[in-house]
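Only the coordinates and a few stated rules stand behind these numbers; no lab work does. Because the structure is a prediction, the values reported are computed rather than measured. Using ideal geometry, Cβ is built from the backbone for each residue, glycine included, and neighbour counts are taken over all protein chains shown.
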Amino acid sequence: MILRTNKSHGQALVEFALILTVVLMLIFLVIESARILQGWVTVQNAARAGARYAITGQSEFPCATSNLLKFADRCDDLRVASVIAATHRGLAGLPLDENPNRDPFGNPPDDNSYYIEVFGGFVDSSGAQLRPDYAGMPGQPVVVRVVYNVPIITPLLRPIISVVPVFGQVVMNNESFGSLGNPTQGLGLPPDLDTIPTVGASPTPSPTPSNTPSPSPGPSLTPSITPSASPSPTPPTCGAFIESVPLAGQNYLWVSGEVGATVTIVNLTTGQTLGTDVFQAVNGRLCPGFADFDDAPLNPTLVAGHVIAAIPSAGQPATAIVLVGTPTPTISPTPSPIPTATITPTPTPSATATPSNPYIVLIQNCSVGPDAQFNVVGFNWPDTQAVGIFWQGSPQSIVPAGHGGSFSVPMVRNNLVVGPPDNPTLYEVRAQSNTWTATAFFRVPCPDPIIPTMVATFTPTPAPADLIVVGPPQLVSTRPLVAYQPISVRVVISNTGDVDVSSQFFVDVFFDPIGPITPTIAITNSVGYMGISNLAGRTSRVITITAPLGFANEPDPHLVYSMVDSLLQVSESDETNNVSELLIVGDVTPAATPTPTVTPSFGTDNISGQALSYIFQWLPQPRAMVRLVNESNGITVRSTQSRRDGGFIFADVPSGMYTVIACALVDNRMYAGIRTGIDSTDPIASISADVLMRDDFPCP
C-alpha cells in the first residue's frame, strides 16, 4: 500500500527559516543585554572606585591624566585629575574610544565614547552646594559620574538602536583630611543634598550643574535615553586667598577673591559659620576683590589651633590654621611717613645672576637640632605646571599651577638625625613638575651650631620672652609697583613667651638681602624699620613699615623678609627665630636709578649730641633721623642716624648758627624734637646739642 502526502520539502525549509530568525533574535537579544549589563556594572564599579579615592583627599604627582588626551585639561587640579585617573582604571574591562573629539552626548552618541564627571561639595551661606570639576571640601560630599556608550553589534538590532548609553554615579562623604576634628568625622553618609547634577548640561548651559533630579541608573534596551550636551568648562575664577595671618582673638580676616562674589568663613574644627562678606574691587591684591569683615565682624572670634576655611561663591576655597596671638579687634593701618633725608642712600646692590632653569633654594638650609622649620623657595618654574615637593623621596605637598613661576612652601620636620659637625646628616628636598626636576640638601647640624639651653617644663617658671614674626610680610602698597618708589609692608610680630618685653626694640624690613638669612640678616641690608616700645607676653601686634627707596630694578622677583629685634636688644629664649618667612614680589616696573645727592665736605667744626625720647621716661633713642639745619637760610646741611646710645655727630661743619631736628617712628607714632641756637664755634656745642623728643612736636 502506497501512502501519498501533499507536504513539500520547500514548506519545511520556510518554516525552519522563520523559526531560526526568531531564535537568533532571542539569542542576540540576550547577548546584547549581557553586554549592556556588563557595561553598566563596570561604570558603576568605576564610579565607586573613583569616589573611594576622592574621599581620602589624596592626589597623584605628576598629573595623573597627562597621558589621557580627553582629560589633559584637568591637570590644573591634581586632585580632580587623580580622581578621574582612578575612575578610568576601573573602566579597563570596556573598549574605550580615547579620541577627545568623539562626542559621548551626541544624538546618537559615538560608539565606545565615554566621559567622567566630578562634582564636589562645599558650604556657604546658602547651605550645601555642588561645584563641577571639584572634588569637595573635607566633610562634604563628592559625586563621581561615568557615562559610557555601549554599541549594538547585532546587524538585526543596530538599525533599530545603534548605541545604548549607560551611566554610573556614586556619592560619598569626604573624610576630614587636612582639618582638626571635622564635625562630620566618622559619619558614613553624606549630608542631605536637595539636588544632584544631571548627566550632561541643561538646555541653557551654566557654570554650575543644573538642579534637576538625578535619573535612576540602569541598563535600557530602548532608545528612550537621550543625553544632553556636555557641560561647558567652568570659566577660571580667582577663588579665595587668605592674605592676613589668622590670629587668636581676631574678629576680622583679609581675604581676596572675585569682585562681587560672596565669601563665608567657616571654622572647620567646630563646624560654625563665623561670618559672610562680599568681595569689593580693590587694587594691589592677589585677586581683584577684597573682603576684610570690618562691617560684619567674625563671631565668635578666632581660636588658636582651629582650622578655618574661606569659602567663596566662585572659585576654590582656602584654609588656614589660627595662630597664637591677642591682636586688637580691628585694624585700620595707616602707613606713617619716614622723614626724608638730604643724602639719599645708595640702593641695595643687585644680587648675582641666578640660573635661568627652574631651581629651588632652602631658607634656612640647616638646623642646629632634630627639629627644623624652613621654606622651600622655587624660581623659574613653568606657570602652567604644578610642582610637587618631596622630602627624601616622599611627597610632602603640591604647588598648584598658576603660581607665577615662583613659590614658597613652608616645611616642618621633626626627629631628624643630628650628625657630627664635620660630617652632618644630609636630607634631600626635591621639586618636580611634568618637565623639570630640581634638588637641594638640608643639613643637620649647621656649621658651628649653637645648642640652645633646654628649659625645664616641669617647673612653674614663666617661659622667657621670645619674639617672632608671624608668617611672611604682607604687601600694603597697591599695584602697579614701580622701582625706587616707597613701598609699605605690614608685619605681624608676637611675643610667644610669658615674660613681658618692657624695653624698646626694632623691627626691620629687607629687600633682596645680601649674605646669610639665618639666624639673622645683616642690618646693613635694612630698607625700613620701626621702633617698638614694649610687647607683653603672649600678645601680638601689627605694624606697617615703609621703605622710602622701594625695590631696585633687579632682581625680579624680589625677596622680602622681616626681622624682629634686629639690633639684638632683647634677651630671648631663642635668638635664631627672629627672621620671618619669605614673601616673593614680582612684576615691579623698572625705573631710572636715582643719583645719590652728596653734600660736599667743608668746614672744620663738629656738632655732636644725643637724641632722647620720652615714651615712658627719658631714654636714649637709637636710629633716630637727625638733621642739621642752617638757621640763616633754613637749608639742611647734614643728615645722620643716631647710634644705639642715641649719640650722633656732624663733622666738618662750617661756622654758623644751627638747629638740630631729630625724628623717630615708634609704635606707629612719630616722636620728634628740636634744639635751636647752636653756635658751631662754641667748644661746648659739640656736647650740648641734646634733642628731647616727644610726640607733641611735629616732625617736618
Discussion item. Per 0.36 nm of contour for each residue apart, how much would the distance between Asn534 and Asp645 grow if the chain were fully extended, relative to their Cα-Cα spacing?
Written reply: 38.2 nm
Discussion item. Cut-off is 10 Å between beta-carbons; in what order do Glu117, Glu60 appear when sorted fewest neighbours first?
Written reply: Glu60, Glu117
Worksheet item: Taking square-rooted eigenvalues a ≥ b ≥ c of the alpha carbon gyration tensor, is region 462-616 rounded, prolate or oblate, where a/c under 1.5 means rounded and, failing that, a/b exceeding b/c means prolate?
Response: oblate
Worksheet item: What is the spin-label model distance, in nm, from Arg89 to Asp383 if the labels are put 7 Å beyond Cα along the C-beta direction?
Response: 3.4 nm
Item to complete: Mind listing the long-range amide H neighbours of Leu568? Cut-off is under 5 Å, sequence gap 5 or more, other chains count too, H placed in the peptide plane at 1.01 Å from N.
Response: none
Worksheet item: Listing Met25, Met137, Met172 from the residue with the fewest other Cβ atoms within 10 Å to the one with the most, what is the order?
Response: Met25, Met172, Met137
Item to complete: Take the Cβ-Cβ distance between Ile635 and Thr435 as r, set R0 to 56 Å, and report the resulting FRET efficiency rounded to the nearest 0.05.
Response: 0.40
Worksheet item: Among rounded, prolate and oblate, which fits region 359-589 when a ≥ b ≥ c are the square roots of the eigenvalues of its C-alpha gyration tensor, a/c under 1.5 means rounded, and a/b larger than b/c means prolate?
Response: oblate
Discussion item. Amide H of Leu416 versus every other amide H placed in the peptide plane: which residues, excluding those fewer than 5 positions away on the same chain, fall under 5 Å?
Written reply: Asp371
Response to the item:
trypsin sites (Lys or Arg not before Pro) in region 1-103 lying in a DSSP loop, each with at most 15 other Cβ atoms within 10 Å of its Cβ, come to Arg4, Lys7
Discussion item. List the residues, sorted by chain then number, that are 5 or more residues from Phe551 or on another chain and whose placed amide H is less than 5 Å from its amide H.
Written reply: Tyr484, Gln485
Worksheet entry | Virtual spin-label span in nm between Thr524 and Ser394, 7 Å along Cα→Cβ | 4.3 nm
Response to the item:
Residue by residue through region 360-371, the couplings from Karplus 6.51 cos²θ - 1.76 cosθ + 1.60 with θ = phi - 60°, in Hz, x for Gly and Pro, are 10, 10, 9, 10, 7, 9, 7, 9, 7, x, x, 10
Practice prompt. Calculate the spin-label point distance for Asn365 paired with Gln58, positioning each point 7 Å from the Cα along the beta-carbon direction, and give it in nanometres.
Written response: 3.4 nm
Item to complete: Indicate the gyration tensor shape class of region 605-693 (rounded, prolate or oblate), computed on the Cα atoms with a ≥ b ≥ c the square roots of the eigenvalues: a/c under 1.5 is rounded; otherwise a/b larger than b/c is prolate and the rest oblate.
Response: prolate
Worksheet item: Any idea how far the Cα center of region 601-654 sits from the one of region 512-579, in Å?
Response: 25 Å
Response to the item:
Other residues with Cβ under 15 Å from the Cβ of Asn45 give, with Lys and Arg +1 and Asp and Glu -1, a net charge of +4
Worksheet entry | Potential lengthening between Leu96 and Asp422 on full extension [0.36 nm per residue; Cα-Cα distance subtracted] | 111.4 nm
Discussion item. Apply the Karplus curve 6.51 cos²θ - 1.76 cosθ + 1.60, θ = phi - 60°, to the phi angles in region 624-634 and return the couplings in whole Hz, x for Gly and Pro.
Written reply: 7, 7, 10, 10, 10, 10, 6, 5, 6, 10, x
